1. Restrict the search to the range 1-106; then list the trypsin sites (Lys or Arg not before Pro) that DSSP places in a loop and that have at most 13 other Cβ atoms within 10 Å of their Cβ.
2. I'd like the orientation of helix 238-251 relative to the chain: the angle between its Cα long axis and the longest Cα principal axis, in ° from 0 to 90, rounded to 10.
3. Roughly how tilted is helix 128-145, in degrees to the nearest 10 and between 0 and 90, from the longest Cα axis of the chain?
4. What are the ³J(HN,Hα) values, in whole Hz, obtained from phi via the Karplus relation 6.51 cos²θ - 1.76 cosθ + 1.60 with θ = phi - 60°, for each residue of the range 13-20 in sequence order, with x given for Gly and Pro?
5. Give me the angle, in degrees from 0 to 90, between the Cα long axis of helix 48-63 and the longest principal axis of the Cα atoms of the chain, rounded to the nearest 10.
6. For the chain, which whole-number percentage of the solvent-accessible area (1.4 Å probe, protein heavy atoms only) is attributable to carbon and sulfur atoms?
7. Over the chain, give the accessible area per residue in Å² for a 1.4 Å probe, as an integer.
Amino acid sequence: MMGTLADVVAYPEGETARQASVGAFGRMDEVEGLAHRQRVDAPASLKGELAAILGTGLEVSRASSGAFDPTLGEVIALWGFDSEKPHLPEPDDLSDALGRVGYRRLDPAVPGSVSPFGNSPPIWLDLGGVAKGYAVDEAVESLRGRGVSGGIVNAGGDLRTFGSKPGGKPWKIGVQDPDHPQELAGVLTLREAAVATSGDYQRYFEEGGVRYHHILDPATGYPARSGLRGTTVIAPDCALADALATAAFVLGPVKGLKLLEEWDGVEGVLITDGGEILTTSGIGKSIPFEKR
């Protein structure tokens, strides 16, 4: 679901865990239906859970000066990363779509941004950079509500742990090596935490000898060339981790680390183009991390 493989581990094993897992997948499916790329013509459509998901996205948009932007939907669609044949968009189409992008148009902190829309062009939301994490959070709450004492929910690298393994052991979470995604750059040891990863090795295509990945820079509409290959963020909830991982990737090593350091309860592991592993101050201290 949500364009990736989702899995649930639930303890203690048995019928309760099995039924709870079915419910957790159902809850994720509901979120996927809610947050599918959509057009916003008026603020009246921004209600309930959709408003909550968007609220987290806008919080990160403001903190990153737009490195994460949930209004990028029309631009993302032009690249076709959700299709079987992603491709380079026509420059004129891309330039035209970029003219309708801007998180400030939906930011309540900006006077006049949300209403009235008037004759302004509609906004195409793409909440993929935060909704997947939100779905993981909701799945965890569903499991807890059905009597599961510990487990992990993982949706394509956006994951959340809760409780502990049988015997009280912590969770071991691998950080992929961007150059060799089947191998690990390191291993995090966690108790209760959310983790999200953005990497240029996850979805991409090659055209004319150039590699184009799916993490777009809202300033240009093209794949971000920030000097990073992968960002892994640890946060209290997965929706926040999801959005921050994208923002840090777009910002690059220096500004990305700064963004994560300034956010309470957040840590991160950034891997550069040259394979250097950069970490926030809490990695290796409050959160054990073993480099491979």
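1. 47
2. 50
3. Relative to the chain, helix 128-145 is tipped by roughly 30 degrees.
4. For the range 13-20, the Karplus curve yields 5, x, 5, 4, 5, 5, 5, 5 Hz.
5. Between helix and principal axis, roughly 80 degrees.
6. That fraction is 49 percent.
7. Spelled out: the 1.4 Å probe surface of the chain, per residue, equals 46 Å².
The values are calculated or read from the model by the stated rules, or taken from the named source; none is laboratory data. These figures come from a predicted structure and were not determined experimentally. No Cβ is skipped: glycine too gets one built from the backbone with ideal geometry, and neighbour counts run over all protein chains shown. The accessibility values were calculated without ligands, DNA or RNA, using every heavy atom of the protein model including side chains. Shrake-Rupley method; radii C 1.70, N 1.55, O 1.52, S 1.80 Å.
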